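The values are calculated or read from the model by the stated rules, or taken from the named source; none is laboratory data. What you see is a predicted model, and the numbers here were worked out from it, not measured in a lab. Neighbour counts run over all protein chains shown; Cβ positions are idealised from the backbone, glycine included.
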Amino acid sequence: MTEERIQKIIARSGLCSRRDADQMVAEGRVTVDGRVAKPGEKADLATARIKVDGRLVKAPEPLCYFLLYKPRAVMTTCDDPEERKTVLDFVRPVVHERVYPVGRLDYHSEGLLILTNDGELAARITHPRFGVVREYLVKVRGDLTTPEYRKLMAGTSVEGRHVKPQRAERSSKVRGGKATWWRVEVLEGRTHEVRELFLNAGHHLQRLRRTAIGTLRDDSLKPGDFRTITEKELVALRRAAAKSRRPPARRPVRQGGKGPAKGNSSARRRSERKR
């Protein structure tokens, strides 16, 4: 008997990513033997009947990994209510496993996208604490002044969270000097993040292309093309996403081991009242 966390079982089944499975459990959409699953609960898929939205979770398929060049005007979803073309439409004729996109690329953006049924790896690639860098090549009208560049690097708020580039440098200048290409690296990978960063600096993007995901890149792929990720590439990608880059929270430092913690205003007020 081998028990695993419910969300891990769901992710390994290829139904969704680990993060989405966490959300499904939290929303009460998952049941184990007819009762609503609890966050953090464990079960054995060999003996338990686990369902998501009433659909039985089956044993996991063999893990598979693909790299797709997403064209512009394509949805980065498994399906679309408006029946627009999705990234899965490119792989369905030849890929029989149920894969899903890792992260997002805007409808009007293009570039590299991972498709897989490995929920564990997908969660590590998408979560910013693991530090998997996304690289983009973006085209903007005109050029950035020094103050605009500083504003770009200072970052902005996206979905209620402050984000900023890890690196940004001008790649080339379009003939005639009316536009420039910039190479940008970010960790968050939030929806519209790169567009919002440049918009905050005063520039609308004319084109955006993702050129790398961590150690994974391929300049030979054309829009709509996809291929299997090699074992060597997979090892490097897993190594890049193996450890959390988020530093541990610092505990308040006490001066000489006495008195209230530095920066703790409530403790400082209590100490002052006792005097």
Legend entry - Subset of segment 195-228 [under 15 Å from residue 112 (Cα atoms) and in contact with a Pro (Cβ under 8 Å, 6 or more places away or on another chain)]: 223, 224
Legend entry - From 152, 113, 88, residue being at pLDDT 95 or above, in contact with a Cys (Cβ under 8 Å, 6 or more places away or on another chain) and of a type outside the set (D, E, K, R): 88
Legend entry - Residue list for segment 124-151, filter: in a helix (DSSP H, G or I), within 22 Å of residue 218 (Cα to Cα) and among the hydroxyl-bearing types (Ser, Thr, Tyr): 126
Inset, instruction - Within segment 136-193, count every residue that is more than 17 Å from residue 208 (Cα to Cα) and among the small types (Gly, Ala, Ser). - result: 6
Inset, instruction - Might you let me know whether segment 113-123 holds any residue that is of a type outside the set (S, T, N, Q), buried (at least 21 other Cβ atoms within 10 Å of the Cβ) and assigned to a loop (DSSP other than H, G, I, E, B)? - result: yes
Inset, instruction - For segment 2-21, state whether one or more residues are in a strand (DSSP E or B) and more than 30 Å from residue 222 (Cβ to Cβ). - result: yes
Inset, instruction - Pull up segment 21-54, narrow it to residues that are without any contact (Cβ under 8 Å) to a residue 24 or more places away in the chain and among the charged types (D, E, K, R), then point me to the one that is surrounded by the most Cβ atoms within 10 Å (Cβ to Cβ). - result: 22
Legend entry - Meets criteria (in the same structural domain as residue 212 (by TED's automatic domain parsing) and buried (at least 18 other Cβ atoms within 10 Å of the Cβ)) for residue 105: yes
Inset, instruction - State all residues of segment 95-125 that are among the charged types (D, E, K, R), closer than 18 Å to residue 205 by Cβ and out of contact with any Gly (no Cβ under 9 Å at 6 or more places or on another chain); if no residue qualifies, say none. - result: 106, 110
Inset, instruction - Could you give me the residue pairs with C-beta distances under 8 Å whose first residue belongs to segment 143-162 and is over 13 Å from residue 195 (Cβ atoms), whose second residue is among the basic types (Lys, Arg) and assigned to a strand (DSSP E or B) wherever it lies, and which are 6+ apart or on separate chains? - result: 143/170; 143/173; 144/170
Inset, instruction - Go through segment 87-108 and give me each residue that's among the aromatic types (Phe, Trp, Tyr) and within 18 Å of the chain's Cα centre (by Cα). - result: 100, 107
Legend entry - segment 55-91, residues that are in contact with a Leu (Cβ under 7 Å, 6 or more places away or on another chain) and either farther than 24 Å from residue 121 by Cβ or surrounded by 12 or more Cβ atoms within 10 Å (Cβ to Cβ) (or both): 57, 65, 66, 67, 68, 69, 70, 76, 78, 87, 90, 91
